[in-house]
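The values are calculated or read from the model by the stated rules, or taken from the named source; none is laboratory data. Note that the structure is a prediction, hence the values are computed from the model and not measured. FYI the Cβ positions are ideal-geometry reconstructions off the backbone, even for glycines, and counts take in every protein chain you see.
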């Protein structure tokens, strides 16, 4: 996947990722331009050639790094070499892990063994995997074939943000960008929760990585030896109680919260959540067993071919 980083970043201290440092737009822009000048494209080796594999993870790592608070005054990042080392550390940390986190390393690409996730990080990787899968189903493209732009910026409250709006609206580029954006933001939040010692998530478990889930393709950070986790053998397959197949044929929801499903066993259900004024509402999409959507007061919908954000009612 090709990713061009736009060096028009405005970075200030913000609420979610606290820092006492504020800086001018020009200083931050210079920092990003200097650090990303050689490898702004996910598949560009800087010499006019194309590369895939572990180099393709670097834009994701840069997005994580930014959302975790790195900036021009970062204690550890002063030049392009430092920047590359930090990206490599992030890749080493979040790949070759669990059942979904690039279990065979970033060089091989993302794939799933369809097991139950091991912790919050593994769950976030699973969400990214399903987001990519829907892009493949919606556009007949793999995530590595799509080019997109992302802008490192801030919102109105000064919180760090990643903006995908430079891409064609609601097309494959913007949707892949939204997949990666959500992954980076969630990983950054999980890192903070781990450092704060937060209690495990009631559904997805621990926020901190557990090196017992480091696969044999990675290095256990506790022992500095090869990992021992075997995804194919140790990722327990989820058993469906409603006859749903592992092979999915449709997707439900809006990017980046879009999920594949087996239409012979489940339905995409759209409901409306109204605001206090009783007039304004937002649409909520969820997967339900066949027959349950109408009982919940929703509409069974399917997205139109070629436009995953346009739905038609089937029941």
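Miscellaneous remarks
- Among the criteria (1) over 19 Å from residue 64 (Cα atoms); (2) surrounded by 18 or more Cβ atoms within 10 Å (Cβ to Cβ); (3) free of Cβ contacts under 8 Å to residues at least 12 places away in the same chain, the one residue 138 does not fulfil is (3).
- Identity of the residue in the stretch 102-117, within 21 Å of residue 206 (Cβ to Cβ) and either under 15 Å from the mean Cα position of the chain (by Cα) or part of a loop (DSSP other than H, G, I, E, B) (or both), that ends up modelled with the lowest pLDDT: 112
- Hey, residue 132 touching a helix residue (DSSP H, G or I) at 6+ places or on another chain (Cβ under 8 Å) and either assigned to a loop (DSSP other than H, G, I, E, B) or more than 21 Å from residue 61 (Cα to Cα) (or both) or not: no
- Pick from the stretch 161-173, criterion in contact with a strand residue (DSSP E or B) (Cβ under 7 Å, 6 or more places away or on another chain) and within 17 Å of residue 136 (Cα to Cα), ranking: surrounded by the most Cβ atoms within 10 Å (Cβ to Cβ): 173
- Just one of (1) farther than 21 Å from residue 129 by Cα; (2) outside any loop (DSSP other than H, G, I, E, B); (3) assigned by TED's automatic domain parsing to the domain that holds residue 100 fails for residue 191. It is (1).
- Cβ-Cβ under 6 Å pairs, at least 6 apart or on other chains, the stretch 177-205 side surrounded by fewer than 16 Cβ atoms within 10 Å (Cβ to Cβ), far side in a helix (DSSP H, G or I): 201/120
- Single match in 98, 109, 115, 158 (criterion: in the same structural domain as residue 67 (by TED's automatic domain parsing), over 22 Å from residue 208 (Cα atoms) and either free of Cβ contacts under 8 Å to residues at least 60 places away in the same chain or buried (at least 20 other Cβ atoms within 10 Å of the Cβ) (or both)): 109
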